Amino acid sequence: MSDLSSLPVAFDWQHPLSAILTSDVRAVDHLEILARPSIARVIAAAGESVAVAAILGGMAGVRAAGPQEWIVLDDDPQAALPARLAERLGSLAFVLDAGDGEVCLRLSGPHCRRILAKGVGLDLHPDVFGLGDGGFVLCHAIRMHLSRTGDNLFEILAPRSYATSLLDALKRMGREFDLSVGLSG
Amino acid sequence: MASLISCPHCGPRPKEEFAVRGDATLLRPAPEASDEAWHAYVYLRANPRGVHVEHWQHVGGCRRFLVVERNTLTHDVLSVADAAEVAQGGAA
Ligand SMILES: [Zn+2]
């Protein structure tokens, strides 16, 4: 019998976009690749969506993700967000740790809507897609979560297996505006 | 097919975000129903020219099943509702 206690407890972790070429100069329109945010996906238990919405309503980093569904994000990988949320919500909701399953990108700049319009079939006018609005959309055949977190700031979440394809699409969408790409610190 | 479907959860979205799941007017026969009734339920489909009610799934968005009433001749989408709510409400 082998000694199981000799198995490594810490595994190497690599960002799916760690090998990409980043821009030398940051342009006015910029795509930031978050290093390793803490991400939790929350689905309300049957009939509990109002109670869950009330609890999440007082928290930061909460994104609407469809009926009875939310995504909660914290830039700090040490935030232990899923565990804290699971404790707080108890039997009201199901909480899933999506930190290693999804990549988070932030698109900012004066042309961010025109860039997104090349791939997303959604009306992004500020009066229609307001601050804090969000949901899943199809972008170049990839299902991603899009939310507006600032006046000219959009946040994108996508499965890590699609990260390189989506980044390639976003780079092509932003080529007209010299979109720059960089990893966050 | 119209180019936009208004999802009750996500708003107007391009039809490419949706997948059609077929006729929503079919009613499942009783378990002991005749072979003819089951054959009709499983295999026989009308191809109406005009207003038709279908199940569509918003696979690129909220992933909910929807009941879409549309006109196959004019491509107008007449109504869209969440399939779960339709089932609970008892309306077809
Ligand atoms: Zn939808």
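The values are calculated or read from the model by the stated rules, or taken from the named source; none is laboratory data. What you are looking at is a predicted structure, and each value in this text was computed from that prediction instead of being measured. Neighbour counts run over all protein chains shown; Cβ positions are idealised from the backbone, glycine included. Calculation scope for accessible area: heavy atoms of the full protein, side chains included, ligands and nucleic acids excluded. Shrake-Rupley method; radii C 1.70, N 1.55, O 1.52, S 1.80 Å.
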Accessible area expressed per residue, the stretch A:60-185, with surrounding protein chains retained (probe 1.4 Å, Å²): 46
Binned Cα-Cα distance frequencies in the stretch B:32-92 - 5 Å width, integer %: 4, 15, 18, 18, 22, 15, 6, 2
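Report, to the nearest whole %, how much of the accessible area of the stretch A:30-183 belongs to carbon and sulfur atoms, 1.4 Å probe, protein only.
C and S fraction of accessible area: 50 percent.
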The protein assembly as shown: proportion of alpha-carbon pairs further apart than 22 angstrom, %: 65
Mean separation of Cα contacts under 8 Å (6+ apart) over length of chain A, as relative contact order %: 30
Solvent-accessible area buried by pairing A with B, both sides, nearest 100 square angstrom, 1.4 angstrom probe: 800
For the stretch A:149-155, Karplus couplings with θ = phi - 60° (6.51, -1.76, 1.60), whole Hz, Gly/Pro x: 10, x, 4, 10, 9, 10, 10
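Would you mind giving the mean number of other chain beta-carbons within 10 Å of the Cβ of each residue in B:55-67, as a whole number?
3
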Max mean-square fluctuation residue, GNM over chain A, Cα-Cα springs under 10 Å, options A:173, A:59, A:144: A:59
Mean shadow area of the stretch A:61-162 over all directions, Cα convex hull, nm²: 7.0
